Amino acid sequence: MSRRVLRGFNREALRKLREEASVSAAELGRRAGLGPGAISSWESGRSTPQADNLAAAMRVLGRPVEAVVDIAPEERYLGDWRVLSGLLQPQLAAAVGTATSRLAQIERGEAALPDALASRLADALGISEEQVRMAHSKARSRGWGQPV
């Protein structure tokens, strides 16, 4: 399975926070339960983190994911809110009681967002239903070829 580059990820912000904590990339990776070269790969741009792995590294640093993923709240899609929560699609789908494929369609704006699911998403992501609906609407109305 291929993944897109993590939208809004600021590798320099991660490096700066890591250096402020006086921890090496290898040590941060070890403490976060990641492979030995994961952090270095993210910081160099050779790879991009998965939401759960980035969340693990940020927990070690004692900072929110938002400290290294810079997307203004009004510009966020549902997938961005999920990333900021440190969840992968299968994890969020399980938490809200829907199929991963259905969640993916909703995140891309390809499927309608039922009221009950909007409520469960809001609870799982720790945001308001209005923010869920706005993020979904933003995905549904985006321009041709514009990724979410």
Worksheet item: Quick check: anything in region 74-85 in contact (Cβ under 8 Å) with a residue 40 or more places away in the chain and more than 24 Å from GLN131 (Cα to Cα)?
Response: no
Item to complete: Test VAL83 against the stated conditions and say whether it is within 28 Å of GLU12 (Cα to Cα), hydrophobic (A, V, I, L, M, F, W, C) and in the same structural domain as VAL23 (by TED's automatic domain parsing).
Response: no
Worksheet item: Which residue out of LEU61, LEU17, LEU88 is under 13 Å from the mean Cα position of the chain (by Cα) and either under 19 Å from LEU125 (Cβ atoms) or surrounded by 15 or more Cβ atoms within 10 Å (Cβ to Cβ) (or both)?
Response: LEU88
Practice prompt. May I ask you to list the residues in region 32-49 that are in a loop (DSSP other than H, G, I, E, B) and of a type in the set (S, T, N, Q)?
Written response: SER47, THR48
Worksheet item: What number of residues in region 76-115 are touching a Lys or Arg at 6+ places or on another chain (Cβ under 6 Å) and among the hydrophobic types (A, V, I, L, M, F, W, C)?
Response: 2
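Listed here are the residues, each with its yes/no results for (1) crowded, with 16+ Cβ neighbours inside 10 Å; (2) of a type in the set (Phe, Trp, Tyr).
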residue	(1), (2)
ASN10	no, no
SER24	no, no
GLY33	no, no
GLY37	no, no
TRP42	yes, yes
ASN53	yes, no
Fill in: Set GLY126, GLY109: member being in contact with a helix residue (DSSP H, G or I) (Cβ under 8 Å, 6 or more places away or on another chain) and surrounded by fewer than 20 Cβ atoms within 10 Å (Cβ to Cβ)
GLY109
Discussion item. Quick check on my filter: what residues within region 95-133 are without any contact (Cβ under 8 Å) to a residue 24 or more places away in the chain, over 23 Å from THR48 (Cβ atoms) and among the aliphatic types (A, V, I, L, M)?
Written reply: ALA99, ALA111, ALA112, LEU113, ALA116, LEU117, ALA118, ALA122
Worksheet, complete the sentence: Conditions (1) within 18 Å of ASN10 (Cβ to Cβ); (2) basic (Lys, Arg); (3) more than 14 Å from the chain's Cα centre (by Cα) -> ARG76 fails only (3)
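The values are calculated or read from the model by the stated rules, or taken from the named source; none is laboratory data. These figures come from a predicted structure and were not determined experimentally. Backbone-built Cβ (ideal geometry, glycine too); neighbour counts: all protein chains shown.
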